[in-house]
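To start, the structure itself, in C-alpha cells.
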Amino acid sequence: MKHELLDLSPVMPVVVVDDADAAVGAARALLAGGIKVIELTLRTDVALAAIERVASAVPDIVVGAGTVTTAGQARQAADAGASFLVTPGCTERLLEAASSTGLPFLPGVSTVSEAMRLAEHGVSALKFFPAEPSGGVAYLKAIAGPLPSLRFCPTGGITPDNAPGYLALPTVACVGGSWLTPRDALSAKDFARIETLARKAAALR
C-alpha cells in the first residue's frame, strides 16, 4: 500500500453501515472534521452500495473497502469504486486477488512471520490486527528492531485514550478506529456528533 495513503489522517475511521445514505452523511462529517479517509467495512448487505455512493457523492474523501476476506469481495469493492482495500488477514489467494485489482491494499497481520512474508512480496505497509489482543504498543516496539522498514496501521481495540501511544511509535503511520462513527450516531444520522469526534481525532497528531 502506498505510504501516502496512511499519512492522510492520524485515524482511519472503520465504519459499519446499514444505510448507504448514512454513509454519505458520515463521510461528509468526517471530511468536515479534518479526516480525509474512510474505510467502509464489507460486513453488511449495503456496504458495496455505500462505497459506490460515497465515492460518487464525496469525491474529496478517499474511500476504501474493509474486512475484505475473499477474492470476490476484492473485485466487487474495486468495481464499486473503492480506492483501496483492507483485509483482516492475508492468504496467498487474497494477496493475489487484491494485487490484481491494481488498488493499494493494507493486508492484516498479527505475527512477525506474516509481516515478513508480505514484505517478501513487496508489501511494506500493513494493518496490525487485532492490535490490543495481539500485544499492542509493546508488541510493535519489540518488532521495530528486526522489521524497521515496515509501517503499520494498528486496528482492533484502539480508543481515543490509547491511540496517542500507538501514534508515538515511529513505525505507526496511523491507527484504525471505530469510535469516530458510533452505531447509534449513524442510526440517528447525528452527523454533527461524528464531525466533533472527527475533529478530535484529526488533532491527535
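What follows draws every value from the coordinates through simple rules; no lab data is involved. It should be emphasised that the depicted structure is a prediction, and the values quoted were computed from it without experimental measurement. As a convention, Cβ positions derive from the backbone with ideal geometry for all residues, glycine included, and neighbour counts pool all protein chains shown.
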Thr171 neighbourhood, Cβ < 9 Å, K/R = +1, D/E = -1, net charge +2
Cβ-based charge dipole, region 105-205, positive-most Cα from Ser110, Leu167, Ser124 | Leu167
Checking Ala57, Ala27, Ala98 against a Gaussian network model of the chain (alpha-carbon springs below 10 Å), the top fluctuating residue turns out to be Ala57
Asp21-Leu204 FRET efficiency (beta carbon distance; Förster radius 35 Å; 0.05 resolution) = 0.75
Mind putting a number on the dipole of region 3-198 about its Cα centre? Charges go on the C-beta only, +1 for Lys and Arg and -1 for Asp and Glu, and I need it in Debye to the nearest 20.
-> 240
How far is the Cα center of region 61-108 from the Cα center of region 123-188, in Å?
-> 19
Those residues of region 1-42 whose amide nitrogen sits under 19 Å from the label point placed on Ala168, 7 Å along Cα→Cβ = 10-11
Positive minus negative residues near Pro88 (Lys, Arg vs Asp, Glu; Cβ under 14 Å) | 0
What number comes out for the charge environment of Ala201, summing +1 per Lys or Arg and -1 per Asp or Glu over other residues with Cβ under 14 Å away?
-> +2
With the calculation restricted to Cα positions, what are the radius of gyration and Dmax of region 3-198 in angstrom?
-> 15.7, 46
In the chain, lysine pairs 8 or more places apart or on different chains with C-alpha atoms under 25 Å apart total 9
